[in-house]
Amino acid sequence: GEDVEQSLFLSVREGDSSVINCTYTDSSSTYLYWYKQEPGAGLQLLTYIFSNMDMKQDQRLTVLLNKKDKHLSLRIADTQTGDSAIYFCAEKSGGYQKVTFGTGTKLQVIP
Amino acid sequence: DVKVTQSSRYLVKRTGEKVFLECVQDMDHENMFWYRQDPGLGLRLIYFSYDVKMKEKGDIPEGYSVSREKKERFSLILESASTNQTSMYLCASSSHLQGSNQPQHFGDGTRLSIL
């Protein structure tokens, strides 16, 4: 079945850039997503990229997709303490909008 | 904005009890999903539904059932709660438009403890 992998933890200093990486196995993925989960809350959609794109930028967020290597990354520029959260990578393929989520990467921002 | 509401933020139940978790969405979405979230395991799909009275098993359906009697409401049922079902439960919904990006929208989660 589909598999989505992420490292579990990332620590950065405030003001630096953060890069969260994700690998997936399903070559028929159509959309790939990044969600953010703050403590005690549900998941909030941050951004997404269609599988025929290789980059998408949205303010401080940059998504890079290497479809050949099945590698997705999320770069957060000028990381702030409010960016501390768990970030989930997810991919969609097939019908009924079923999405496979990664294990989540906990981002810790050090002041 | 899409609103997905889960009836309880925190719930404590005893082993063997029948437990109901309720989820309501206000965007007329066809698809609804139940996940559980555990540290280091991410989100695992329990059940999903793509229409009223329709349901499909996800990756970990054992010990759970679901009910979708109305389009806006999707209930998760623990038939006989066990301690290994202590977890965070997340409900999500999405629209059914094929070939377009229709992301899942999540509720705030229910943290369930089984004693």
Legend entry - Convex hull per residue volume in Å³, alpha carbons only, for the stretch A:36-111: 110 Å³
Inset, instruction - Apply the Karplus parameterisation 6.51 cos²θ - 1.76 cosθ + 1.60, with θ equal to phi minus 60°, to every residue of the stretch B:15-24 and state each ³J(HN,Hα) to the nearest whole Hz, in sequence, with x for glycine and proline. - result: 3, x, 6, 8, 10, 10, 10, 10, 9, 10
Inset, instruction - Mind ranking B:55-65, B:80-90, B:23-33 by how tightly packed they are, going by the mean number of other C-beta atoms within 10 angstrom, highest first? - result: B:23-33, B:80-90, B:55-65
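So for chain B, what percent of the C-alpha to C-alpha distances run longer than 23 Å?
23 percent
Taking each pair of different alpha-carbon atoms in the stretch B:1-65 once, compute 1/r for the pair, average those values, and report the inverse of that mean as the Kirkwood hydrodynamic radius in Å to one decimal.
Answer for the stretch B:1-65: a Kirkwood hydrodynamic radius of 13.6 Å.
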Legend entry - DSSP bridge pairs, the protein assembly as shown: antiparallel proportion in percent, nearest 5: 90 percent
Legend entry - Distance histogram in 5 Å bins (all Cα pairs of the stretch B:55-97, percent per bin): 5, 15, 29, 26, 15, 7, 2, 1
Inset, instruction - For the protein assembly as shown, just the Cα set please: Rg and Dmax, both in angstrom. - result: 17.5, 50
Legend entry - Shielding by partners - mean other protein chain Cβ count within 10 Å, residues of B:84-92: 1
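Rule-based calculations on the coordinates, nothing more; no lab input. All values derive from a computational prediction rather than experimental measurement. Neighbour counts are summed over all protein chains in view; Cβ atoms, including those assigned to glycine, are modelled from backbone coordinates with ideal geometry.
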